[in-house]
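Novice: This structure is in structure tokens; I'll ask about it shortly.
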Amino acid sequence: MSSNAWWMMGLAILVGAMLPLQGLVNARLGSQIGGPIIAAFVSFLVGTIALGAYLALARQRIGFADAMHMPAWVWLGGLLGAFYVAVVTLLIPRLGPATMMCLVIFGQVTAALLLDKFGVLQSAPRTVDAVRIIGAALVLAGVVLVAAPWRR
């Protein structure tokens with residue numbers, strides 16, 4: 001494996017490690033300002049401002065006119081992100097960060113396998129074989145062990 005691949009994998013782990021912290025921060029914000037939807041809104045507002053500042057500093061052209069000619073489904077990314085942040089903000093104080101993130105990861109792996117199999121949105125279809133299904137089942141086993149509902 002190239003050193004570039006290791007660096008990218010490390011960055012992916014770092015980003016993944018930030019998700020439970022983001023959920024806890026947003027949950028605390030939501031408890032102080034009126035709920036998970038307001039907290040998600042503030043989170044996206046701050047993120048939008050940060051990205052806008054970056055684009056301005058980088059002098060990056062924003063291609064909204066180009067996006068207007070694309071299929072309507074390209075706008076779903078923002079809606080899906082808002083739904084994710086709002087639901088995590090709502091559930092993380094109730095389930096705890098470890099259980100919440102395990103459930104999210106299981107959902108991601110399961111959906112990713114289906115997206116791979118069917119080549120959704122013009123991605124190249126990839127084989128979903130027994131080894132990958134066993135991997136998803138092991139993630140589910142991890143969810144059960146981390147959530148440990150029998151220990152409550």
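Novice: Work out the length of the dipole vector of the chain about its Cα centre, built from +1 on the beta-carbon of each Lys and Arg and -1 on the beta-carbon of each Asp and Glu, and round it to the nearest 20 debye.
Specialist: 280 debye
Novice: OK, next. Rounded, prolate or oblate: which fits the stretch 54-101 when a ≥ b ≥ c are the square roots of the eigenvalues of the alpha-carbon gyration tensor, with rounded for a/c under 1.5 and prolate only if a/b beats b/c?
Specialist: In terms of gyration-tensor shape, oblate.
Novice: Calculate for the chain the 222 nm mean residue ellipticity that helices alone would give, adding -39,500 (n - 2.57) per DSSP H run of length 4 or more and normalising by residue count, nearest 500 deg cm²/dmol.
Specialist: So the helix-based figure for the chain works out to -26500 deg cm²/dmol.
Novice: Distance from the Cα centre of the stretch 74-101 to that of the stretch 1-45, in angstrom?
Specialist: About 10 Å separates the Cα centre of the stretch 74-101 from the one of the stretch 1-45.
Novice: How would VAL15, VAL87 line up from fewest to most surrounding beta-carbon atoms within 10 angstrom?
Specialist: Ranked by crowding around the Cβ, least crowded first: VAL15, VAL87.
Novice: Under the definition of Cα pairs under 8 Å and six or more residues apart, what whole-number percent is the relative contact order of the chain?
Specialist: That works out to 23 percent.
Novice: Which of the trypsin sites (Lys or Arg not before Pro) found in the stretch 1-105 are loop residues per DSSP with 10 or fewer other Cβ atoms within 10 Å of their Cβ?
Specialist: Those that pass, being in a loop and sparsely packed, are ARG59, ARG61.
Novice: Still on this structure, please answer the following. For LEU21 and LEU76, compute 0.36 nm times the residue count separating them, minus their Cα-Cα distance, and round to one decimal in nm.
Specialist: Separation in residues times 0.36 nm, less the Cα-Cα distance, equals 17.3 nm.
Novice: Now, a different point. What nm distance separates the two modelled labels at ILE38 and TYR84, each placed 7 Å from Cα along Cα→Cβ?
Specialist: The answer from the label model is 2.6 nm.
Novice: Taking 8 Å as the Cα distance limit and 6 or more residues as the minimum spacing, I'd like the relative contact order of the stretch 19-95 as a percentage.
Specialist: Contact order relative to length: 52 percent.
Novice: While we're here: For Cα pairs less than 8 Å apart in space and 6+ apart in sequence, what is the mean separation divided by the residue count of the stretch 96-152, i.e. the relative contact order in percent?
Specialist: That works out to 43 percent.
Novice: When THR127, THR48 are ordered from fewest to most other Cβ atoms inside 10 Å of their Cβ, what list results?
Specialist: THR127, THR48
Novice: Taking N as the number of residues in the stretch 40-143, what is its alpha-carbon radius of gyration divided by 2.2 N^0.38 Å?
Specialist: Normalised by 2.2 N^0.38 Å, the Cα Rg of the stretch 40-143 equals 1.39.
Laboratory data are not the source of any read-out in this text; all were calculated from the coordinates shown. Quick caveat, the model's predicted, so the values are computed rather than measured. Here Cβ is always computed from backbone atoms with ideal geometry, including for glycine, and neighbour counts include all displayed protein chains.
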